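Okay, so here's the structure we're looking at.
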Amino acid sequence: MRNIIIFGGSSHPKLAEQIASRLGVSLGRVSLSKFSNKETNVEIRESVREKDVYIVQSGCGHVNDNFMELLIMISACKIASAAKVTAVIPCFPYARQPDAPYKRNGEPLSRIPRDSFLGYIFDTPPNLSTANTPMDERKDPFNATSSKIGEENSSDGDSANELRHYNSALMASSSSSSSGHKSGAYRHWVARSGTLIANLLTCAGADHIMTMDLHDPQFQGYFDVPVDNLYGLPLMIKYIRESIPNWESAVIVSPDAGGAKRATAIADKLRMEFALIHKERRLQHKPHKADMMLVGQVRDKVCIMVDDIADTSITITRAAKVLVENGAKKVYAIITHAIMSGDAIKRIQQSSIDQVIVSDSIPQDEHLAQCSKIKVFEIAPIFAEAIRRVHNGESVSALFNDKTMLLV
């Protein structure tokens, strides 16, 4: 291939070498180091003028350092007159921190809750007559407002007075609880990093982004440049067909409701049965505690769980326990991005999972040495083919077809 240079960052050099090898080119020469104060230093050791540059850097390991290194490499290539710079990020960093509001358990909010303003402080003079009112007895301004609408002889002034008294009570309560008491304290806004990450990449000079299985698809909308979100689904289907015995009679399982769409897509393509692990929160006073319930039949069947990310592996290990309790005779788990932080490997080793199949979007050598249950499938073929097609101006839509992936 002509006029193409592939650089590998320090996060996953092995993957960069595999991609370059499949494309029949050698990795570009670059020096990556750190100063004594841990600042990142990048030196591009060959000309990139009027060439298409692809920088392979996965969002793993020391995520912030690796991301900053990627930004500096992009900027260096752009300043050196590269025709086009594409950031190849197999595991996208901060993909679990989109700009949409989320619940504490990670589920997206369908609407703003009615109590979202309860506990906030407003700039209103304190009302001493209501300062000592307990939080659970204070009126909801939304209820106060709505109750006034349908009443006869009501006026906007009545609603405004209700809200003014409510805010005054909150202000007075917060000023009187200076000893760390939570009632009336200001609830800090949670920073969402989605738009910021996109802006950093584009401001550094990235003309194109290539990634795989974004945890939240809305991330693509934050960019002003093209984003190719490749799917790990064809590779998963290929592995199931080639490596899992009697897969035709197995059941595809989603370990949570968020991955149901991904799991059903695989089940439909392979014409397999589908099951779902559902988290039901029954206790109102303990919303963080949930019962995991199985939807579907798995008795005396092989179960194949499918998910995009395994970080602490708590979700898949608990789901495997539910499947075994419901009669599953064997449990597989196929994961695109296996971060495996903390005690994840230990949990998997002690769990009911028989085998965990993960991609090498993140280096897995250390995990393989620690756990005999882990198997790896390569993603270099799909990224190499995507780079080839983009470089030659061809369509990448064929890469979303599992039949095409059999030939890659």
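The values are calculated or read from the model by the stated rules, or taken from the named source; none is laboratory data. Bear in mind that the values here come from a model prediction, so they are computed numbers and not experimental data. With ideal geometry, Cβ positions are generated from the backbone for all residues, glycine too; neighbour counts draw on all protein chains shown. When the accessible area is computed, the model is the full protein with side chains, heavy atoms only, and any ligands, DNA or RNA have been set aside. Shrake-Rupley method; radii C 1.70, N 1.55, O 1.52, S 1.80 Å.
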Residues Gly327, Gly342: which one is assigned to a loop (DSSP other than H, G, I, E, B) and either touching a helix residue (DSSP H, G or I) at 6+ places or on another chain (Cβ under 8 Å) or within 22 Å of Leu276 (Cβ to Cβ) (or both)?
Gly327
Cross-chain or 6+ apart pairs with Cβ under 8 Å, the range 377-388 first and within 17 Å of Tyr239 (Cα to Cα), then open to solvent by less than 10 Å² (accessible area, probe 1.4 Å) and among the small types (Gly, Ala, Ser)
Phe377/Ser359; Glu378/Ser359; Ile379/Gly232; Ile379/Ser359; Ile379/Ser361
Search result, residues across the range 336-370 that are of a type outside the set (S, T, N, Q), farther than 21 Å from Val63 by Cβ and crowded, with 17+ Cβ neighbours inside 10 Å:
Arg347, Ile348, Ile353, Val356, Ile357
Can you find a residue in the range 319-335 that is open to solvent by 10 Å² or more (accessible area, probe 1.4 Å) and in contact with a His (Cβ under 8 Å, 6 or more places away or on another chain)?
no
Only one of (1) open to solvent by 30 Å² or more (accessible area, probe 1.4 Å); (2) touching a residue at least 12 places away in the same chain (Cβ under 8 Å); (3) touching a strand residue (DSSP E or B) at 6+ places or on another chain (Cβ under 9 Å) fails for Glu50. Which number is that?
(3)
What tally of residues in the range 84-106 results from selecting those that are at pLDDT 95 or above and exposed (fewer than 15 other Cβ atoms within 10 Å of the Cβ)?
0
Of those in the range 379-400 that are touching a helix residue (DSSP H, G or I) at 6+ places or on another chain (Cβ under 7 Å) and assigned to a loop (DSSP other than H, G, I, E, B), the residue surrounded by the most Cβ atoms within 10 Å (Cβ to Cβ) is Ile379
Would you check if Ser75 is open to solvent by 70 Å² or more (accessible area, probe 1.4 Å), of a type outside the set (D, E, K, R), farther than 26 Å from Ser341 by Cα and at pLDDT 95 or above?
no
Consider the range 359-371. How many of its residues are out of contact with any helix residue (DSSP H, G or I) (no Cβ under 8 Å at 6 or more places or on another chain) and not charged (D, E, K, R)?
4
Give just the number: which of (1) in contact with a helix residue (DSSP H, G or I) (Cβ under 6 Å, 6 or more places away or on another chain); (2) crowded, with 20+ Cβ neighbours inside 10 Å does Tyr222 not satisfy?
(2)
Determine, yes or no, whether Met305 is within 28 Å of Pro93 (Cα to Cα), modelled with pLDDT of 95 or more and of a type outside the set (Gly, Ala, Ser).
yes
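If I ask for residues that are open to solvent by less than 50 Å² (accessible area, probe 1.4 Å), modelled with pLDDT of 90 or more and assigned to a helix (DSSP H, G or I), which ones from the range 239-259 would you list? Quick ask: steps written out before the conclusion?
First, the residues of the range 239-259 that are open to solvent by less than 50 Å² (accessible area, probe 1.4 Å): 239-240, 244, 247, 250-256, 259.
The next check asks that each one be modelled with pLDDT of 90 or more; those that pass are 239-240, 244, 247, 250-255.
Scanning the range 239-259 gives Tyr239, Ile240, Trp247.
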Provide a single number: the residues in the range 23-42 that are in contact with a Lys or Arg (Cβ under 9 Å, 6 or more places away or on another chain) and surrounded by fewer than 17 Cβ atoms within 10 Å (Cβ to Cβ).
3
